[in-house]
Structures are given as structure tokens and as C-alpha cells.
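Just below is one structure, and these are the notes that go with it.
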Amino acid sequence: MEKSENKKRNIILIAAILILILLSFGLTAYMRNSSKHKEPSETTSGASGSAETESTEASEKELQVVVQYVDREIFKAPLSKDALYMIKDGVVSEVPEGTTLESMGDEALETKHHINLMQVKDNSVSVIESNCSNQICVSIGKMTDTDYDFPITCLPHGLIIVIQ
Ligand SMILES: [Zn+2]
């Protein structure tokens, strides 16, 4: 009699430990998920208490254009923000609309700098000009908010542009 009660206690203990392990897994997964989208546009941060239960709603986050250079992320901006960006030797900067490789003159020589012009417009992103050797990044065309499975890559310049 005593033995079977001990057994029962052990089973309960094991079950409790399993639940704890599952909970900690769930928590780290949740934290990893929520750290991915800590955008300034988050409006729920002010609401107290109910924030944790809204994790499913938070998955409908705003899409971001992300530029990776070699092995690191160098740039992130909302896909909804129309702008022209110059990616020059791994540094991204916003440039005036109408900027072209030609308008940059000697600075745009491939022997001097690696330059890609990235246009974000109407919830799409594309590389409109590049001084790379194969022009694949330009010919890939647009990624849009509904079609972004295939990233824009510029291997000669070590760039990968994704929407996430
Ligand atoms: Zn290219």
C-alpha cells in the first residue's frame, strides 16, 4: 500500500518536472519570437496585464526590409516607408529620389566602391541599379509584401535583401 502511494507521488513529481520543462521551452520560444519584433510602432506596451495573452496578435507585425552584408544585418526599415537607399561598401544611407549611378560620377566606378541602389516603393523593394559584375540583383526584380520568398542577392557585393 505504502509502495504504490510512493509510486503515485513519483509519477506526480515527474509530471510536474515535465510540465516545468515544457513551460520553460515555451517561454524561451515566446521570448525569441517577441524579441524579433520590438518595433517603435508597438502600441500595446502601454497596456498593462493583458499584453502576454496577445502574443498571437503580435505575430501580425509590420514587414521590414532587411539588408545583410556578408554575415551581419546592416539595415532594417519598414517596407511601407517609400525611399531610395544607397548601399555602398556595406553601409546603407537614404539618398534623394532620382539618384543614379551616373549622377554619382567617378564615385560609382566599380573599382572604387561597391554600390547598389535599393528602391522601396508601394510595399515593394528592388535593386534598381548596381555596379556589380553580373547584375543579377537588378534582374531579379521586385519583392513585394505578398511575394518575398525569394531574396534579392548580390553575391559580388556580398548582399542579401529580405523581407521579414
Ligand atoms: Zn549585383
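Please treat every number below as a calculation from the coordinates, not as lab data. Since we're looking at a predicted model, the values are computed, not measured. Glycine gets a Cβ as well: all are built from the backbone with ideal geometry, and neighbour counts include every protein chain shown.
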**Complete:** Going residue by residue through region 78-95, the Karplus relation 6.51 cos²θ - 1.76 cosθ + 1.60 with θ = phi - 60° gives ³J(HN,Hα) values, rounded to whole Hz and with x marking Gly or Pro, of x, 5, 7, 8, 5, 6, 10, 10, 9, 9, 10, 6, x, 10, 9, 9, 7, 10
**Prompt:** Considering amide H positions built from the backbone, and no H for Pro or chain starts, which residues 5 or more places from PHE75, or on another chain, come under 5 Å of its amide H?
**Reply:** VAL67
**Asked** How much length, in nm to one decimal, is gained on full extension between LEU109 and LYS7, taken as 0.36 nm per residue of separation minus their Cα-Cα distance?
**Response** 29.0 nm
**Prompt:** How large is ³J(HN,Hα), in whole Hz, for each residue of region 102-119 in order, when computed from phi with the Karplus curve 6.51 cos²θ - 1.76 cosθ + 1.60 and θ = phi - 60°, using x for Gly and Pro?
**Reply:** 5, 5, 8, x, 4, 4, 8, 5, 4, 6, 8, 9, 9, 10, 10, 9, 10, 9
**Message:** Skipping prolines and chain starts, which residues have an amide H placed within reach, meaning under 5 Å, of the one on HIS114, given they are 5 or more residues away or on another chain?
**Reply:** ASP89
**Fill in**
Assertion target for HIS113, HIS157, ordered by fewest C-beta neighbours within 10 angstrom first, is HIS113, HIS157
**Prompt:** Using modelled amide H (1.01 Å from N, peptide plane; none on Pro or chain starts), what sits under 5 Å from the amide H of VAL95, excluding residues fewer than 5 places away?
**Reply:** LEU84, TYR85, MET86
